[in-house]
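Note sheet for the following structure.
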Amino acid sequence: MAKEYIDYKETIELFVYSLPRELKSEQKTPRINIIFPESAFKLFEYVKNNPFTKEGYIVPDITDKDIEKLRPYNQNDPNTPTIYVRNPVIFFELLTDLINTLLDFREKYNRGISSGRAALIHDFKNILLRMNVTDLTNIEEFLKKQIDFFKNNTWDDYIIHDEFISSCHREGIFEEYQILSYKEYNACWCETSEKMSFVLYNPNKKNENVHTIPSVLYGLREENGTTTCYIYAIQNPSDYIQNKKIARKLYKLNKEVENPNVHPSQVLALKIFIEMLSRVGITNIKVPCLQVLNYRYHEILSRNAKENMKKWTKELLEELNNNKTLSNKRKLNEYNWDKTWASHVVDREDDIEYAKTEGLFNIFYRVAEQFDLIEILNDPFIEDEYLRFRIKNLKKLSKSK
């Protein structure tokens, strides 16, 4: 199915017609408020009088009633994070570019090619989960940043298209294990759209030959003439594979480290990634201090997971286990998936918030202290909304302590 890019006026029509209700809903993501200047309503009037048309398609036009429905939304709400649109023309140009760039990005990862209309309705609010405080008052710059992330093609040759092991890249050796890297689509919208993942692998040891370590969730863009890497999280992949023998060997990284407060697998993953950045000439790193909607988003995930688990009553599970038809086996698989998901999100918002702030900072501090790869440039929260680092040298992994 061919990509169906979205048109500028089509974006405006769909935004006015569909998105205000979605932005105020908390069915899946937190409530968001958007304040437009008065000039935006003149733009809406222009599009109403000069609607988007497309041959062979029935496209609903916006009406005076649709425009008037926006005005109650266009007010300050002290209980809701509020986005302030400075220039509505540029805002909708960037929003159109963002959605069409997203379609190209998904095609690159063979993640299904949907229409721009569907992407705008279903994905725009999810992308907003990545905002920090400044992004609320400069939404145009936030959209530019996300577009740059989607368009960056560094390490595209690391995307797996064939047999897994043979398609991975070799990043060095840890103990007797090869370090394999590969670039993945990140389905968790609240962070970034791409991640670099890693596997420890030994083809000669059949019983202990594969162990995954955390992925680095990142975005790359040009800033002031140089490429900057934004790192949002370091976390285990959903298809995490654990080998206890390999896992124990990772703790050698804690040797001579007083009071280690992060897992050695996270330390190794970040160390490898920093070395990869250095090899392609990237030396600037930014780590966000806060994603405004993150905590509330995970409260909603927890609430929805709890509600979803209510359908799996004791009586129903007994019936499914006692009468294992093909249909019941499928339902049991569904139950096990729901149970696993609930274990990840139910009442976990505090843990997740810590992991994405102090926990993430601690991994960087540990790597900075233990390996002398990076230097800290600022004091987060006080001086900036990002913890900033500069890569200062490259040590071979084989020399790791």
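Report, in listed order, any pair from LYS28/LYS245; LYS145/LYS271; LYS69/LYS151; LYS42/LYS195 with a Cα-Cα distance greater than 30 Å. Before the final figure, lay out each step's value.
On the way: LYS28/LYS245 40 Å; LYS145/LYS271 25 Å; LYS69/LYS151 35 Å; LYS42/LYS195 41 Å.
Among LYS28/LYS245; LYS145/LYS271; LYS69/LYS151; LYS42/LYS195, the Cα-Cα distance tops 30 Å for LYS28/LYS245; LYS69/LYS151; LYS42/LYS195.
Heavy-atom accessible area with a 1.4 Å probe sorts ILE376, ILE147, largest first, into ILE376, ILE147. This model, with +1 at the C-beta of Lys and Arg and -1 at the C-beta of Asp and Glu, gives the chain a dipole about its Cα centre of some 1340 debye.
Send over a whole-number figure in Å² for the accessible area per residue of the stretch 1-160, probe 1.4 Å.
Per-residue value: 47 Å².
Between GLU22, GLU349, GLU222, the Gaussian network model of the chain with springs among Cα atoms under 10 angstrom shows the greatest mean-square fluctuation at GLU222.
Accessible area per residue, 1.4 Å probe, Å², for the stretch 195-255: what's the number?
Accessible area per residue, the stretch 195-255: 47 Å².
Which of the lysines could a cross-linker bridge to LYS244, judged by Cα under 16 Å and excluding same-chain residues fewer than eight apart? Those lysines meeting the cut-off are LYS205, LYS206, LYS252. Each peptide in 303-316, 232-245 was scored by the mean count of other Cβ atoms within 10 Å over its residues; highest first, the order is 232-245, 303-316.
Of the trypsin sites (Lys or Arg not before Pro) in the stretch 103-211, which ones lie in a loop per DSSP and count no more than 15 other C-beta atoms within 10 Å?
On the way: sites: ARG106, LYS108, ARG111, ARG117, LYS125, ARG130, LYS144, LYS145, LYS151, ARG170, LYS183, LYS195, LYS205, LYS206; in loops: ARG111, LYS205, LYS206.
Here the sparse-neighbourhood loop sites are ARG111, LYS205, LYS206.
Among the GluC sites (Glu not before Pro) in the stretch 37-146, which ones are in a DSSP loop with at most 11 other Cβ atoms within 10 Å of the Cβ? Mind listing them?
Details: sites: GLU38, GLU45, GLU55, GLU68, GLU93, GLU107, GLU140, GLU141; in loops: GLU55.
Answer in residue order: GLU55.
At a Förster distance of 56 Å, what's the computed FRET efficiency of LEU326 paired with GLU358, Cβ-Cβ distance as r, to 0.05? Plugging the Cβ-Cβ distance into 1/(1 + (r/R0)^6) gives 0.75.
State the percentage of accessible surface on the chain attributable to carbon and sulfur atoms; use a 1.4 Å probe and exclude ligands, DNA and RNA. Carbon-and-sulfur percentage of accessible area, whole number: 48. Where both bridge residues fall in the chain, DSSP classifies roughly 80% of the beta bridges as antiparallel.
The values are calculated or read from the model by the stated rules, or taken from the named source; none is laboratory data. Keep in mind that this is a model prediction, so the values were computed, not measured. As a convention, Cβ positions derive from the backbone with ideal geometry for all residues, glycine included, and neighbour counts pool all protein chains shown. We work out accessible area using only protein heavy atoms, side chains counted, and drop any ligands, DNA or RNA first. Shrake-Rupley method; radii C 1.70, N 1.55, O 1.52, S 1.80 Å.
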